[in-house]
Structure formats: C-alpha cells, structure tokens
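Below is one structure, written out as structure tokens; the observations come after it.
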Amino acid sequence: MSAGGIKPKTTFQQAAKVTLANSQMRRNLRHATTTIRDKRLRTVAELPDWEALRDEGARIKDHVLANLGEYLLDLEASVKRRGGHVHWARDAEEAREIVAKIAASHGAREVIKVKSISTDEIELNAALERHGIRAIETDLAELIVQLADDRPSHILVPAIHKGRAEIRDLFRAKLGAELLTDDPKHLAEAARVYLREKFLTTKVAVSGANFAVAESGTVCVVESEGNGRMCVTLPDVLISVMGIEKVLPTWQDAAVFLRLLPRSSTAERMNPYTSFWSGVTEGDGPQEFHLVLLDNGRTDVLADDVGRQTLRCIRCSACLNVCPVYERTGGHAYGSVYPGPIGAILTPQLLHLEDKNANTLPWASSLCGACYDACPVKINIPEVLLYLRGKINEAKPLSAEAVAFKTVAWVMAEPHRFEGALKLARTGQGPLVKDGAIHALPGLLSGWTDARDLPAFPKQSFREWWRASRER
Ligand code: SF4
C-alpha cells in the first residue's frame, strides 16, 4: 500500500540528507527531469500566444478564487441536476469517511482508483484498508509505487525515482509476471494483464479531478494511459474527490487549461485521454456518481492575500522538473504527496503553518526563480517562499542562529565595523587554517563546513589593498 499524506515525518534537511545519498535515484531523476524539461521548452515555444495563455490561466484562476463560494454552489446545483450527489468534506477525516461509507454501502471489498493526488493527500488507501476495502491503483506509475510499498516522488510521474530494472523485478515478485526484459512495452503489458481483470470485475471506482465545470456539473480527468477512462466508465459507482479550488465557471475556461496543462506537464500538444462526465446517464457509464468537495485547509490558504495564489496550481509539475533542489533531493525529501516547489509552499499552508517539519519546506529552495518562469498559471513561488519564511520566523522565539545573523547584519551595516571584524577573524582563524582553507568550524558555526570548506581570510582585504595601492 503506498503511503501518502501531507505531514512530513522529519525536517526537509534531515530527509534530504538521506535521499542525497542515493546516487541511483539522483541519476534516474536527472535523466527524467532533463528530458522532460527540454521537451517542454520546445513544445511551449511552438505557441506564439503562450504568454497570453498563461496570463489568461492566472486571470481565470484568480477570478474563481475571488468568487469560490458562488462557483462551488453552482457546481453543486449542476451535479445534482444531472443526477449526481455532492458531499462537502471539511478535512481529510471527513473525506475519508464519506468515501469509505459509500464504498461499504455497496459491499465493496476492492475499489479501483485512477491517479488522484487529492486521495493521496487524505491517505484514502490506508483508511479504506481499515474498513476492509482494498484500493487498487490503476495508473501505471501509481501501481508501481503501491506494489513497492513506497511513496510517490513526483506529482505526475510518482515512480520517477525507479529504474526499469527495479520495476521488472517488482512485477516479477508481486504480479508473478514472467518478464525477461525491462523493455517498457513488456512492463506495460504485464500491468495491463493484471489491471484488465480488475477493471472488468470491480464495481466501485474512486477518481480525482483535474477540473470541474460549474455551468454543466462536468468533472474532468486528464491522463496518458487510458486507465483513467476505464475507471470512470466501467464500474457501477464512481466517487470523485476534488479539491475545492479545481472548479471552473465555464467550458471556455476549461479550454484554456486543456491547452496549458499538457504542454506544461508531459510536454505534449494534446492530452492523450481527456475524460468528462456529468452526473449519470441511464445505460451508459456508472449509474451512481458522488462528488466529494475537499477543503482540508484550502479556505485558510484562500484567506491569505499572498499565499492565495498557491491555489491557482493545476498540478502540472513543470516547477518540479526545473527545480535544482528537487532534481538533487528527489520528491521523498519533501515528506508530502506534494513535492518540489509547489509542495514547499502548499504543504505548510495546508497545515496552517503549524507543523514544525512542514515549516522547514519553504527553505527547500535556492530562490533561483526557475519555477516561476515555468509555471503556466504564473504562481510567484519565490515570493510565497520568502513570505512564508518570514511568517514562520516571526512566530518563533529568537534562535541562536537568528541572533548571530542579526549581529552579522549589524556588523556589515557600517564599513568600519566590518573591517574591524575582518581583522579579528584574520587573527582568530590561525589554528583552524590548514592548506589555505578552514575544513571544520567549531560549535554552532560547524554547519558552514559540514559539506564544504571555507577559504581562509586573506592577509589583506580588498579595501586594505585599495587604500595601500592609492598611497603608492
Ligand atoms: S505551481 Fe505551477 S508549475 Fe508547479 S505544479 Fe502548480 S501549476 Fe504547475
């Protein structure tokens, strides 16, 4: 069972130390992110109106967020009009109970799932397990993560950290597949044989939702394999769990995002499978449809003037693929189903900035701004990162590190203080210098030299040299 949830078990720094030591994972990640990054740049460059599309995407999302209550009520009315049921879930616990209750009321022992990050957010699989119901992932990458009893490490490609040989061994062990090669075709075939039987025999399905159109009550999932299409059409009962920010007013709005999403996520011009469903239709598709609208901290994010833009996110994963920190640490270091730059701002906010491990995530960034450049809905991630750092620091008592930095700021504010400090450092560094560098600083300062050397302070500073050369 793949673990999920948004509560990191350790700080980002502790978790990153572990993942950074896994060189195979780093190789897999570098290969995957570099490939998709280059492809995305080429696909995006084909569109002359890409920047205008991004602006439009951001504008629509901001409009929705400013009128969220109204559009959610419209969506509820439309879904009900089409014969569906709507449930409101304040938090993960409520959402889990709603889904489990519906599945249990149909006597389900198994449910099939199409990749849904919101159900991973609420740790639905484990909750269903407690009710004696087994959730079977049908997205290939999610299935790999589930069979390996692992955690997803990427929004779009949850098994991005796994190599093909690892997957072959996993399928041999868990699916009894007689695979001789790690050819992707053979791997996909092994999964297909296993899943086909599940599609044809399972009565209840759980899906996520990329968007929902309020005017018609239509829910939409975009995916690449067609397994999602099977999930939302073959079973008798369909339960879709959707974050409340995914609502869009009209089909015209949805058209903008169906252009923005594939190019940003998989670098494709069009999405291979885009499924839409509106309530129920007699004799066609699931005959019972439930839409669970999930808050789970989102209204608090909405109430924050700066943090609100986080809810524009369409989970394309473009920011992950360009992030130098994500590329090196991998998704597991973020300890949440939302990794990478978006995870660094979304996770702590969903937890109301009260989780001490999640509160380390806004520091998981070099602030290079690559995520902002790549984001199709122009979320200013660096701005939100800095804002959250400020808020988290404000709430903390002054640490020894903060006092040290305040002292450094005071010293650097005046040239004479700075020069005096340099002279002191030059005199005091004597016993620490070996071969022109300081390899280990004592006490609190040791963090600076844990992973790198500090050059020794030179005999003459630039200012001293400048003054001396003027006098000559
Ligand atoms: S923050 Fe932007 S780039 Fe990152 S996943 Fe969300 S929409 Fe995509």
ask   = Of the residues in the range 193-216, how many are touching a helix residue (DSSP H, G or I) at 6+ places or on another chain (Cβ under 9 Å), of a type in the set (D, E, K, R) and exposed (fewer than 14 other Cβ atoms within 10 Å of the Cβ)?
value = 1
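Any idea which residue in the range 250-284 is surrounded by the fewest Cβ atoms within 10 Å (Cβ to Cβ), counting only those that are within 16 Å of the ligand (Cβ to nearest atom) and free of Cβ contacts under 8 Å to residues at least 60 places away in the same chain? Even if it seems obvious, please write down each step before you answer.
As a first pass, look at the range 250-284 and keep what is within 16 Å of the ligand (Cβ to nearest atom): 253-254, 256-268, 271.
This time we only want the ones that are free of Cβ contacts under 8 Å to residues at least 60 places away in the same chain, so: 254, 258, 262, 271.
Details: ALA254: 22, LEU258: 17, PRO262: 20, ASN271: 19.
Top of the filtered list is LEU258.
Check whether at least one residue in the range 151-174 is under 21 Å from LEU234 (Cα atoms), of a type in the set (Val, Ile, Thr) and without any contact (Cβ under 8 Å) to a residue 60 or more places away in the chain, and report yes or no.
Of the range 151-174, the ones under 21 Å from LEU234 (Cα atoms) are none.
Checking the range 151-174: not a single residue is under 21 Å from LEU234 (Cα atoms), of a type in the set (Val, Ile, Thr) and without any contact (Cβ under 8 Å) to a residue 60 or more places away in the chain.
Restricting to helices (runs of 4 or more DSSP H) lying wholly in the range 285-387: which have 1 or more residues that are more than 12 Å from the ligand (Cβ to nearest atom) and open to solvent by 10 Å² or more (accessible area, probe 1.4 Å)? Step through it out loud before you land on a result.
Working: elements: 298-302, 318-322, 324-329, 340-350, 370-374.
Filter on the range 285-387 gives 298-302, 324-329, 340-350.
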request  = Taking VAL221 as meeting all but one of (1) of a type outside the set (Lys, Arg); (2) farther than 25 Å from ALA92 by Cβ; (3) away from the ligand (no atom under 16 Å from the Cβ), write down the number of the exception.
outcome  = (2)
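Condition (residue is away from the ligand (no atom under 14 Å from the Cβ), assigned to a helix (DSSP H, G or I) and touching a Lys or Arg at 6+ places or on another chain (Cβ under 6 Å)) applied to the range 404-413: is it met by at least one residue?
Scanning the range 404-413 turns up at least one residue that is away from the ligand (no atom under 14 Å from the Cβ), assigned to a helix (DSSP H, G or I) and touching a Lys or Arg at 6+ places or on another chain (Cβ under 6 Å).
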message = Taking the criterion of being over 26 Å from VAL44 (Cβ atoms) and either touching a Ser or Thr at 6+ places or on another chain (Cβ under 6 Å) or free of Cβ contacts under 8 Å to residues at least 24 places away in the same chain (or both), would at least one residue in the range 304-321 satisfy it?
response = yes
inquiry  = Against the definition (over 24 Å from PHE199 (Cα atoms) and either out of contact with any His (no Cβ under 8 Å at 6 or more places or on another chain) or outside the structural domain of ASN296 (by the TED database) (or both)), how does GLY163 come out, yes or no?
reply    = yes
query = Is one or more of the residues making up the range 414-425 within 15 Å of the ligand (Cβ to nearest atom) and either outside the structural domain of LYS115 (by the TED database) or assigned to a helix (DSSP H, G or I) (or both)?
reply = no
ask   = List the pairs whose first member sits in the range 413-428 and is under 14 Å from PHE462 (Cβ atoms), whose second member is in a helix (DSSP H, G or I), and whose Cβ atoms are under 7 Å apart, counting only residues at least 6 apart or on separate chains?
value = PHE418/VAL411; PHE418/MET412; GLU419/ARG463
inquiry  = I'd like the full set of residues that are of a type in the set (Ser, Thr, Tyr) and open to solvent by 50 Å² or more (accessible area, probe 1.4 Å), limited to the range 420-461.
reply    = THR427
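Is it true that GLY390 is within 26 Å of the chain's Cα centre (by Cα), open to solvent by less than 40 Å² (accessible area, probe 1.4 Å) and more than 16 Å from the ligand (Cβ to nearest atom)? Walk me through how you get there before you give the answer.
On the way: within 26 Å of the chain's Cα centre (by Cα): yes; open to solvent by less than 40 Å² (accessible area, probe 1.4 Å): yes; more than 16 Å from the ligand (Cβ to nearest atom): yes.
Spelling it out, GLY390 is indeed within 26 Å of the chain's Cα centre (by Cα), open to solvent by less than 40 Å² (accessible area, probe 1.4 Å) and more than 16 Å from the ligand (Cβ to nearest atom).
Results for (1) modelled with pLDDT of 90 or more; (2) not acidic (Asp, Glu), shown as yes or no for each residue.
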site	(1), (2)
LEU156	no, yes
ILE160	no, yes
GLU166	no, no
THR181	no, yes
ALA188	no, yes
VAL193	no, yes
VAL204	yes, yes
SER207	yes, yes
VAL213	yes, yes
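The rows are residues; the columns are (1) β-branched (Val, Ile, Thr); (2) farther than 26 Å from ASP62 by Cβ; (3) at pLDDT 95 or above.
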residue: THR250; (1), (2), (3): yes, no, yes
residue: ALA255; (1), (2), (3): no, no, yes
residue: PRO272; (1), (2), (3): no, yes, no
residue: ASP284; (1), (2), (3): no, yes, no
residue: PHE289; (1), (2), (3): no, yes, yes
residue: THR299; (1), (2), (3): yes, no, yes
residue: ALA303; (1), (2), (3): no, no, yes
residue: GLY307; (1), (2), (3): no, no, yes
Every residue from the range 28-55 that is open to solvent by 30 Å² or more (accessible area, probe 1.4 Å) and of a type in the set (Ser, Thr, Tyr) = THR34, THR35
ask   = Of all residues in the range 217-249, how many are open to solvent by 40 Å² or more (accessible area, probe 1.4 Å) and over 20 Å from the mean Cα position of the chain (by Cα)?
value = 6
ask   = SER23 passes all but one of (1) surrounded by fewer than 17 Cβ atoms within 10 Å (Cβ to Cβ); (2) within 26 Å of THR274 (Cβ to Cβ); (3) out of contact with any Ser or Thr (no Cβ under 9 Å at 6 or more places or on another chain); which number fails?
value = (2)
ask   = So GLY69 clears everything in (1) assigned to a helix (DSSP H, G or I); (2) surrounded by 14 or more Cβ atoms within 10 Å (Cβ to Cβ) except one condition, right? Which one?
value = (2)
query = Among (1) open to solvent by less than 60 Å² (accessible area, probe 1.4 Å); (2) on the phi < 0 side of the Ramachandran plot, which single condition is LYS396 missing?
reply = (1)
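The values are calculated or read from the model by the stated rules, or taken from the named source; none is laboratory data. No experiment lies behind these values; they were computed from the predicted model shown. As a convention, Cβ positions derive from the backbone with ideal geometry for all residues, glycine included, and neighbour counts pool all protein chains shown. Protein only, heavy atoms only, side chains kept; ligands, DNA and RNA dropped before computing areas. Shrake-Rupley method; radii C 1.70, N 1.55, O 1.52, S 1.80 Å.
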